[in-house]
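To keep things clear, I will list the structure first and then write my remarks on it.
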Amino acid sequence: MRTPIIAPSVLAADFANIQRDVEMLNASQADWIHIDIMDGVFVPNISFGLPVMKAINEHATKPLDVHLMIQNPENYVEAFKKAGAEIISVHYEACNHLHRNLQQIKALGCKAGVAINPHTNVQLLEDCIQDIDLVCLMSVNPGFGGQKFIENTYKKVRQLKEIISDANAGTLIEIDGGVNQENAPKLIEAGADVLVAGSFVFNSENPIDTISSLKSV
């Protein structure tokens, strides 16, 4: 079984002690730091924006994996690149011209990702899969942390893995939502490459040990 990329989500961090929590992630076996940006329009919640992300970037030593749960992402990707993003994922459901959005992100020097909601069919990505560096499969409904994992995600991972293999693409599969020690092995077995974990990491007694346990799945 492959060693997964672990990307803890700072949506579940202590915002009053964000520097402390970012430095904890720096010292852990986490590979990326996942940042959920919500606008209150595309999803029914507002998380944080550019000023907080810039503050995170000042202290982070791991790549910033930025998940834009926002409408009109093309208006903001350049600003997020300047704020420190190395991977930028936009939602399929929020993009009228997805291929153009992907090219815009790549032109900035970032890895280009596409996130899809639980109800969105992975087959819709087939025509542009070779242009996608990362597909973020939402395994909960986007907008809030701490939700229960949607079991149909395993099926979607296998379907997406087949599309990637058929196209001989190098696209990574990321799982975002409800990831824990129980479902992580099954997700990796199905074909997932990147595991995002927020509440499971930050609500644990020892987040560094929890990250290590996910890394060793």
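Only one entry of 183, 168, 203 meets the criterion of being open to solvent by 70 Å² or more (accessible area, probe 1.4 Å), within 27 Å of residue 45 (Cα to Cα) and either of a type in the set (D, E, K, R) or more than 16 Å from the chain's Cα centre (by Cα) (or both), and that entry is 203.
This table checks each residue for (1) open to solvent by 60 Å² or more (accessible area, probe 1.4 Å); (2) more than 21 Å from residue 6 (Cα to Cα); (3) free of Cβ contacts under 8 Å to residues at least 24 places away in the same chain; (4) in a helix (DSSP H, G or I).
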residue: 56; (1), (2), (3), (4): no, no, no, yes
residue: 79; (1), (2), (3), (4): no, yes, no, yes
residue: 99; (1), (2), (3), (4): yes, yes, no, yes
residue: 103; (1), (2), (3), (4): yes, yes, no, yes
residue: 137; (1), (2), (3), (4): no, no, no, no
residue: 163; (1), (2), (3), (4): no, yes, no, yes
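Looking only at the stretch 108-152, which residues are modelled with pLDDT of 95 or more, polar (S, T, N, Q) and more than 15 Å from the chain's Cα centre (by Cα)? Answer for the stretch 108-152, where residues must be modelled with pLDDT of 95 or more, polar (S, T, N, Q) and more than 15 Å from the chain's Cα centre (by Cα): 120, 121, 123, 130, 152.
For the stretch 187-200, the set of residues classified as in contact with a strand residue (DSSP E or B) (Cβ under 8 Å, 6 or more places away or on another chain) and within 16 Å of residue 67 (Cβ to Cβ) consists of 192, 193, 194, 195, 196, 197, 198, listed by residue number. Does residue 90 meet the test of being out of contact with any Lys or Arg (no Cβ under 7 Å at 6 or more places or on another chain) and part of a strand (DSSP E or B)? Yes, satisfied. Applying a threshold of 7 Å to beta carbon distances and a minimum spacing of six or more residues, or different chains, the list of pairs starting in the stretch 193-205 at a residue that is at negative phi and part of a loop (DSSP other than H, G, I, E, B) and ending at one that is open to solvent by 20 Å² or more (accessible area, probe 1.4 Å) and of a type in the set (A, V, I, L, M) reads 193/5; 193/172; 198/11; 198/12; 203/12.
The values are calculated or read from the model by the stated rules, or taken from the named source; none is laboratory data. Quick caveat: nothing in here was measured; it's all calculated off a predicted structure. Neighbour counts run over all protein chains shown; Cβ positions are idealised from the backbone, glycine included. What goes into the accessible areas is simple: the full protein's heavy atoms, side chains included, and nothing from ligands, DNA or RNA. Shrake-Rupley method; radii C 1.70, N 1.55, O 1.52, S 1.80 Å.
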